[in-house]
Amino acid sequence: MPDSIDVPRLTDQLPPDTPWRGITHLAEVDSTNAEVARRGEQWAPVLADHQTAGRGRLGRDWQERPGAGLAMSVLVPAVAPPGWLPLLTGLAVREALAGVDVAAALKWPNDVQLPADGHRKVCGILCQGAGALGAGVVVGIGINVHHDRGDLPTDTATSLRLVGAEVDRTDLAAGVLTGLARMHADLVAGGTRAKGVRAAYRAACDTLGRRVVVHLPDGTREEALADGIDEDGRLVVDGPRGWTTVAAGDVQHIRAAGASRTQGQHRQEH
């Protein structure tokens, strides 16, 4: 039986100086991202057991069996450069999973994968500008927690249960929110704090040093070496057109690139 989200316990687990407030848990909603945008309250997370119209990146459906996943959205202040917010959200999820003894890998920009299940995707992240809400950004997070194989929509998806981890969703939510608030503050602070969190993402990003196929928004594809991440959060690749950056689009891993990883770390820090 899926565990229940315990809002008082979740609130108690957050650090005393946390910016999070007014946590809401709903049995069902069209989309947690849409609900957060309607409410317009920064640092007020909305969690739901079931989304009837959840969406992922590039307009993809993101559905979950009721009560099996952690579906959560939050409105946070925008950061500069904006491309780093989805990356750091993935890093916060990876850190929270490590806190429950689940090893995860990050595929640029923000897919969270489980190496123990063939690098299948366990978490999707969608960041959307909040428009009329000013400088806020809605961050949507969907983590597959208690799903069995037959519950998942594609063979490329996985869940924490499928790698032997029975994780409490309340504990997991607390870990994600704690890490996200800290990393957001680091990026806003700038200087060495921002440099440190960007370096942490680069160190955790499994895309760097690999041959990849880049699926660009215009429908074209090209194979390239993923060599770095620039200061705007864009992927730096060496491909048919030479050194270019990728700001949007899907990236498919092909194979490791060996010694090129060291070169990529040097390039991305300048």
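For this structure, a couple of remarks:
- Of all residue pairs spaced 6 or more apart or on separate chains, those with beta-carbon atoms under 9 Å, a first member in the stretch 193-210 that is on the phi < 0 side of the Ramachandran plot and a second member that is among the polar types (S, T, N, Q) and assigned to a strand (DSSP E or B) are 206/113.
- No other residue among 168, 250 is modelled with pLDDT under 95, closer than 24 Å to residue 139 by Cβ and either of a type in the set (Asp, Glu) or assigned by TED's automatic domain parsing to the domain that holds residue 48 (or both) apart from 250.
The rows are residues; the columns are (1) in contact with a Phe, Trp or Tyr (Cβ under 6 Å, 6 or more places away or on another chain); (2) crowded, with 18+ Cβ neighbours inside 10 Å; (3) assigned to a strand (DSSP E or B); (4) modelled with pLDDT of 95 or more.
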residue	(1), (2), (3), (4)
97	no, yes, no, yes
102	no, yes, no, yes
113	no, yes, yes, yes
124	yes, yes, yes, no
139	no, yes, yes, yes
142	yes, yes, yes, yes
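- Breaking point among (1) surrounded by fewer than 22 Cβ atoms within 10 Å (Cβ to Cβ); (2) in a strand (DSSP E or B), for residue 181: (2)
- Sole residue being in a helix (DSSP H, G or I), among the β-branched types (Val, Ile, Thr) and touching a Lys or Arg at 6+ places or on another chain (Cβ under 8 Å), chosen from 170, 192: 170
- Scanning the stretch 227-245 for residues that are among the hydrophobic types (A, V, I, L, M, F, W, C) and without any contact (Cβ under 8 Å) to a residue 40 or more places away in the chain turns up 236, 237, 243.
The values are calculated or read from the model by the stated rules, or taken from the named source; none is laboratory data. It should be emphasised that the depicted structure is a prediction, and the values quoted were computed from it without experimental measurement. As a convention, Cβ positions derive from the backbone with ideal geometry for all residues, glycine included, and neighbour counts pool all protein chains shown.
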